[in-house]
Each structure stands twice: as C-alpha cells, then as structure tokens.
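The values are calculated or read from the model by the stated rules, or taken from the named source; none is laboratory data. Since the structure is predicted, the reported quantities are computational estimates derived from the model, not experimental observations. Every residue, glycine among them, receives a Cβ derived from its backbone with ideal geometry; neighbour counts consider all protein chains shown. With ligands, DNA and RNA removed, areas are computed over all heavy atoms of the protein, side chains included. Shrake-Rupley method; radii C 1.70, N 1.55, O 1.52, S 1.80 Å.
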Amino acid sequence: MAKDNQDGIWKSGKGKGRHTTKGRQLDDGALADILALLGDRPRRRDLLIEFLHLVQDAYGHLSAAHLRALAEEMRLSQAEVYEVATFYAHFDVVKEGETPPPALTIRVCDSLSCELAGAQALKAALEDGLDPAQVRVLRAPCMGRCDTAPALEIGHNHIDHATPAKVQAAISAHDTHAHLPDYQTLASYCADGGYAVLDRLRADGDWQAVQDKVLASGLRGLGGAGFPSGRKWGFVRAHAGPRYLAVNGDEGEPGTFKDRYYLERTPHVFLEGMLIAAWAVEAQTCFIYMRDEYPAVLDILRREIAALEQAGIVAPGYIDLRRGAGAYICGEESAMIESIEGKRGIPRHRPPFVAEVGIFGRPTLVHNVETLLWVARVCREGPDILSSVEKNGRKGLRSYSVSGRVAQPGMYVLPAGSTITDVIAAAGGMAAGHVFKAYQPGGPSSGLLPATMDDIPLDFDTLQPHDTFIGSAAVVVLSQQDRARDAALNMLRFFEDESCGQCTPCRVGCQKAVQLMQAPQWDRALLGDLCTAMADASICGLGQAAPNPIRLVMRHFSDEI
C-alpha cells in the first residue's frame with residue numbers, strides 16, 4: 001500500500017483510490033428536506049411507512065436521494081428502505097434519471113362492481129381526454145365505494161358515480177382533497193351517554209363479566225374469520241404483558257364498504273368498543289391500521305382521537321393511528337402487524353399466533369372495526385341486541401355491503417339468516433331491465449353462486465357445505481347481462497395484483513390462472529390441478545381462497561367455459 005498525493009487517500013496498485021464510499025451518495029439538500037419533514041418525531045423503525053408517506057405527500061414521489069437520506073437518518077440500510085417503499089402501491093419510487101409522475105393522479109377502481117358499472121370505458125375516456133404529462137390515470141383495486149360505482153379518486157377526493165365531466169370539473173376547481181361527511185362528534189356522542197360504560201368499567205369493572213356478555217351475544221369476528229370475539233380476550237390475557245391491541249381497518253376485500261359506512265357516521269361507537277377491548281386485555285397501546293383509500297376516515301379519526309386526548313379519556317399517544325399504503329394483503333392480520341412495524345406486509349408463518357407473538361413480539365388482540373362497534377353496543381344495550389334476533393335458525397345481525405345489479409346499492413343491516421332473496425329485496429330489488437343470474441356472497445374470495453341457490457342463509461357456517469363462505473358479507477349481484485367467467489377473471493386479476501409474492505403457489509398460481517382463464521375454452525383439468533396446488537400449498541388465505549371463483553364457475557356455469 002502506498003500513500004497517494006492527496007492526503008488521507010490510500011491506494012493499492014494503479015489508480016487514484018476511492019474518494020467516497022461505495023453506493024449512492026448522501027445529498028445534503030435531500031437530508032435537509034428529510035430533517036424538516038421528520039421534525040422532532042422519534043426515529044423509530046416502526047415509523048418508516050409513516051415517514052415515507054410524509055415524503056410522498058410533500059413531493060409527490062419518493063426520489064432516490066430522499067430514500068438515501070431517510071435511510072441515513074433512520075440508521076437503516078438503503079435496501080431495507082427501498083424494499084418497503086416498493087412493496088406498497090401508493091408509493092412512487094423515482095430513480096436517478098427517471099421522470100417523476102405528474103402532479104395529479106387519478107385512480108379508477110376496476111373491481112367487480114365498478115367494472116359492471118363501466119369502469120373500463122371511464123378509464124379509456126379519461127386517458128383520451130387528459131394530458132398524460134399533467135394527469136396520470138391508473139387502474140386501482142376496490143376503494144370501498146361499491147355502492148356508488150363507478151368510483152375513482154382524484155388526488156384524495158373520491159368521485160362517486162364518476163364521469164369524465166365530473167373529473168374535468170374537479171380538476172378545474174382544484175378539488176383534489178378529501179371531503180368530510182357529517183358525523184357524530186365526541187360532544188354529540190357523550191351527550192347520548194357515550195363513554196359512560198367505559199368509565200364504569202375502568203372504575204370497578206370485571207373483564208371476565210364483560211367477556212361473558214360478549215360471548216352471550218354470539219358476536220363473532222366480522223372481518224371474515226368469524227371467531228367468537230370475546231374468547232380472544234382470554235387468550236391474549238393468558239400471556240404476560242406488555243400487550244397490544246390492533247384494529248384491522250384495511251377493508252380491502254372488493255365489494256366491502258361496511259366499515260367505511262360506520263366510521264364516516266359514528267366513529268365513537270367503534271372507538272369506545274376498542275377502548276373497552278383494550279381495557280379488558282390491559283393493552284399498553286391501541287394501534288388502528290386504516291387503509292389509505294379512506295382519506296376521509298383517516299381525517300375523522302385524527303380529529304376524534306385528538307378530541308379524546310384533550311378530554312382526558314385517553315392519554316396522548318395511547319391510540320396510534322397508522323396509515324396503510326395500498327396493499328390488500330395487509331388485511332391478513334399478521335401482514336398487518338408487519339406493516340405496523342414498518343415492514344413489507346408479508347404474512348407470517350403460524351404458529352405462533354398473534355395472540356401470543358404479535359406487534360413487537362408481544363401478545364396482541366386483533367379485531368375488525370365492525371366487531372368493536374358491536375362490542376360497544378353489546379356492553380351498552382345488552383347481549384339481546386344480537387342474540388334475540390333470529391331468522392332461518394340463525395341468530396344475530398349482519399351488515400351486508402350490497403352492490404352490482406340492484407336498484408339501491410348500499411349497506412343493509414339484516415338478520416344473519418337472511419338469504420340472497422332477502423338481501424336483494426332490501427336493496428330495492430333488481431335494477432330496471434336486469435334479471436337475477438348470480439351472486440358473490442362474501443367478496444371475490446367466496447366465488448360465485450347461481451341464482452338457483454337463493455335459499456341459503458348468508459351467515460357463518462351455512463355456506464361452507466357449498467364450498468364458499470360469507471367472509472365480510474360483501475354481496476355483489478350479477479344479472480343476465482353479465483358473464484360469470486368474466487366476473488371470475490376480474491377476481492383473479494385482483495388476486496394476481498395483490499399477491500404479496502412470498503409463496504410460489506399464490507404468486508405464480510394467480511398469474512397462470514389469469515392466463516388460462518383468458519382462453520376461449522378453459523382447460524378444466526389443468527385449472528383444477530392449479531386450484532388444488534394453490535389451495536393446499538399457499539401460506540395465507542389469499543392464495544388458499546383465490547381458486548374459489550374458478551372452481552365455482554366450472555361447477556355452476558360450465559356452459560360459459
């Protein structure tokens with residue numbers, strides 16, 4: 001080794017030596033930007049996604065220089081920051097030499113209900129009528145607005161029953177921000193007796209008595225799994241603290257919008273239910289994971305959490321609101337926990353289950369938004385509010401998200417034993433000119449059933465004998481104007497886009513299924529083998545349930561394939 005002419009630089013053999021470290025260099029200006037955005041926020045690893053949102057919101061994209069500076073400030077490798085940023089659909093990573101996206105992005109929903117309502121023609125019209133240098137038009141998965149299809153998001157402003165004219169009007173008015181609906185505030189909720197139950201329980205309540213009340217109501221998890229809700233509390237409490245509570249607000253199943261419906265109207269019913277459950281398991285922190293497609297809900301929750309803190313109902317920071325970034329897989333509870341920890345939303349292998357090893361490796365109680373809303377109502381009004389309702393041998397109430405070819409799409413609370421006939425009747429019957437042909441009982445994961453199977457109670461356990469399930473009660477109705485095979489292809493394209501890529505049966509299986517389903521005639525034997533491999537070998541419910549649309553179309557609509 002010999003010393004070069006420049007002080008402090010050493011070289012070996014020929015050459016002038018290296019003046020900088022390998023890899024992308026730190027830009028002082030980008031670092032100043034990051035420091036200004038982060039301010040005095042703690043540089044915790046689990047806040048990485050929140051910080052990526054700060055950069056994306058401020059600059060409209062994530063430049064390589066900003067990612068490098070963020071990695072430097074958080075003491076993370078650039079690879080770790082990059083892999084998280086590129087996992088989520090709502091982050092735009094721009095490398096050196098690449099052109100950043102336009103200042104305005106329009107996301108057009110192309111899930112089943114919106115496709116039935118003309119989403120493809122809408123997207124094509126927008127692409128033809130707008131300057132791509134000024135406005136970017138993208139296809140997007142379900143936005144939870146199936147009752148007002150076709151829907152799109154321009155910036156953070158959702159346009160219902162969207163048309164090119166409505167979009168042009170919004171652009172002209174610079175109307176790109178979320179619009180808050182009228183909702184019940186903390187003052188109004190407390191005036192109606194809100195948080196009185198929580199106060200009594202915190203004073204001298206017995207968590208086991210509350211758990212028994214919830215069990216007596218028959219309440220089951222309404223995110224889709226259907227596990228008896230109160231029973232989870234004992235499982236979590238059986239493990240030493242600290243413990244956490246996580247709310248799964250990533251309502252990404254196409255056709256589902258019940259959680260948004262409740263949160264945009266009565267957010268404190270949910271929040272009180274969450275705080276009751278957190279009290280029951282002695283949770284150290286409540287994490288609310290809310291999908292980024294619900295900007296109005298996120299704004300409402302920020303405001304009302306701040307109001308709870310100001311009123312002294314919760315300590316500052318006790319409720320930690322986390323913003324998703326466009327990944328359906330984060331609706332799976334362990335993937336959601338990974339995302340809360342600031343990582344890619346990759347489902348975990350189980351066991352251990354999250355009740356034992358959840359957020360930060362600690363026992364974690366996970367509930368759906370609607371489940372917690374009913375916890376509050378059961379504690380306030382008694383278990384009879386659910387257990388006294390009976391229909392077709394089933395007890396309780398269900399919130400059905402109804403869309404498609406019905407006269408009045410919307411959210412309907414009906415007895416849990418309701419059939420598709422009852423659901424369509426509640427939605428005003430079929431739309432004019434449409435004849436009932438088929439229905440999706442619980443999101444794309446549940447597949448399609450023919451109109452002839454109209455006497456099955458749409459509830460937990462009643463659909464399994466027919467190789468489907470109720471899931472989140474996302475009901476989409478099809479008519480004689482629709483082809484079941486096209487609906488199934490729409491569902492598999494969604495799964496292809498949203499597979500996290502961790503396991504080959506799901507990642508490759510969804511891709512191959514989409515290719516095979518586009519053939520004029522389906523290769524039933526090959527598709528059957530593919531469905532078996534996906535269902536048997538996929539790690540999580542996405543890959544395991546993705547074959548259902550294929551199998552049920554082959555069984556009930558064989559004339560179309």
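A few points about this structure:
- Separation between Cα centres of the stretch 326-362 and the stretch 282-297, rounded to whole Å: 14 Å
- Near Gly417, once Lys and Arg are set to +1 and Asp and Glu to -1 for all other residues with Cβ below 12 Å from its Cβ, the sum equals -1.
- HN-Hα J in Hz across the stretch 213-220 - Karplus 6.51, -1.76, 1.60, θ = phi - 60°, x for Gly and Pro: 5, 5, 5, 5, 6, x, 4, 10
- Counting all C-alpha pairs of the chain, share separated by more than 43 Å (%): 21 percent
- Residue-span extension gain [Gln480 to Asp212] - 0.36 nm each, minus C-alpha spacing: 91.7 nm
- Potential extension, Ala165-Ala133 segment - 0.36 nm per residue separation minus Cα distance: 9.6 nm
- Volume of the convex hull of the stretch 168-214 (Cα atoms only), normalised per residue: 143 Å³.
- Amide H contacts under 5 Å for Arg398, placed H, 5+ residues apart: Leu414, Ala416
- Whole-Hz couplings from phi, Karplus 6.51/-1.76/1.60, listed for the stretch 62-69; x for Gly and Pro: 10, 6, 4, 5, 5, 5, 5, 5
- Solitary cysteines of the chain, where the nearest other Cys Cβ is not under 4.7 Å: Cys142, Cys146, Cys190, Cys286, Cys330, Cys379, Cys500, Cys503, Cys506, Cys510, Cys531, Cys540
- Average accessible surface area per residue within the chain, 1.4 Å rolling probe, Å²: 41 Å²
- P(r) tail, the stretch 468-561: Cα-Cα pairs separated by more than 21 Å, 27% of all pairs.
- Each stretch of four or more DSSP H residues adds -39500 (n - 2.57); spread over every residue of the chain, this sum gives -12000 deg cm²/dmol at 222 nm.
- Converting phi to 3J(HN,Hα) with the Karplus coefficients 6.51, -1.76 and 1.60 and the offset θ = phi - 60°, the stretch 155-172 yields x, 10, 9, 8, 10, 8, 6, 5, 9, x, 5, 5, 5, 4, 5, 5, 5, 4 Hz in sequence order, with x at every glycine or proline.
- Close amide H contacts of Leu62 (hydrogens built in the peptide plane, cut-off under 5 Å, sequence separation of 5 or more or a different chain): Asp92, Val93, Val94.
- For the stretch 153-263, the fraction of C-alpha pairs farther apart than 19 angstrom is 69 percent.
- The accessible area of Phe51, taken with all protein chains in place and a 1.4 Å probe, comes to roughly 0 Å².
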